[in-house]
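Colleague: I'd like to ask you about the structure that follows.
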Amino acid sequence: MFGRNKFKKLKREDVVDAIITLSKQQEDLESGILDKSAEVEKLMQRGKCEKNRDVKLLCAKKISSLQDEIKRDSKRAAFLLYNVKMLDKLKGAIDDNQFVSNTSKLPLNKLLSDQKALAQFLQSAIASRTSAENTLVEADQLFDAYEQAADNDQSPIYAADRSDDELLAIFEMQEQLDSECNVDSDIAEKDSPMSGRVAESD
């Protein structure tokens, strides 16, 4: 990833050591700044309470000197903090490069680098899938044709011939006669004297 430059041979351990060293310096400066700030507060309180003008002047000079040191140390601490931030990004880039390098060495990832073979494989997979789909569609069409043929009632086996038609006509005529007889019987029963007596007794 780095190409032919001085970063190519850069070791992660060296970057980590530099980060630790600079972080320690930054923490020392920060600690010193806090101590000096506390000293400034004490001198401020002493200067306010002091009666002697010369002592007040001395407190003021010490405060000014400490404030200058705090300002200078704060800039140094900020510089170191930013430096550590950049080195941490460099460490992250080294880690990313190593991660990609290790992952790319996996057998399956090496296969993916052969784009020509991958394209052929995918084309073959598409062709196989299309062929299988067509086979299923053709089979479905054959089943539809079979079911339509099986449901066909035009065959002489299932059709009624002349003799069958005559018998069917007789059956239908007998059903009609039976129905008419039943109707006549119901009417006669309603009109009979016995039927009227039964109604009166009720």
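Colleague: Principal axis lengths of the range 48-141 from Cα atoms, whole Å, largest first?
Modeller: The Cα atoms of the range 48-141 stretch 113, 32, 15 Å along their principal axes.
Colleague: Which value, in Å², gives the accessible area per residue of the range 50-111 when a 1.4 Å probe is used on the protein heavy atoms?
Modeller: Numbers: 4740 Å² over 62 residues.
For the range 50-111, the per-residue accessible area is 76 Å².
Colleague: Kindly write out, for the range 104-118 in residue order, the coupling ³J(HN,Hα) from the Karplus curve 6.51 cos²θ - 1.76 cosθ + 1.60 (θ = phi - 60°), rounded to whole Hz, with x marking Gly and Pro.
Modeller: Karplus values, whole Hz, x for Gly and Pro: 5, 7, 5, x, 5, 5, 5, 4, 5, 6, 8, 5, 5, 5, 4.
Colleague: Can you give the convex hull volume per residue for the Cα atoms of the range 1-110, as a whole number of Å³?
Modeller: Numbers: hull volume 10.9 nm³, N = 110.
With only Cα atoms used, the range 1-110 gives 99 Å³ per residue.
Colleague: Among 36/75; 9/91; 51/71; 9/85; 8/85; 6/91, which pairs are too far apart, with a Cα-Cα distance over 18 Å? Provide the component values of the computation, followed by the final result.
Modeller: On the way: 36/75 15 Å; 9/91 13 Å; 51/71 29 Å; 9/85 21 Å; 8/85 21 Å; 6/91 15 Å.
Check vs 18 Å cut-off fails for 51/71; 9/85; 8/85.
Colleague: Can you give me the solvent accessible area of residue 40 with a 1.4 Å probe, rounded to the nearest 10 Å²?
Modeller: Here the accessible area works out near 10 Å².
The values are calculated or read from the model by the stated rules, or taken from the named source; none is laboratory data. Keep in mind it's a predicted model, so treat the numbers as computed, not measured. Quick note on the areas: whole protein, heavy atoms, side chains included, nothing else; ligands and nucleic acids left out. Shrake-Rupley method; radii C 1.70, N 1.55, O 1.52, S 1.80 Å.
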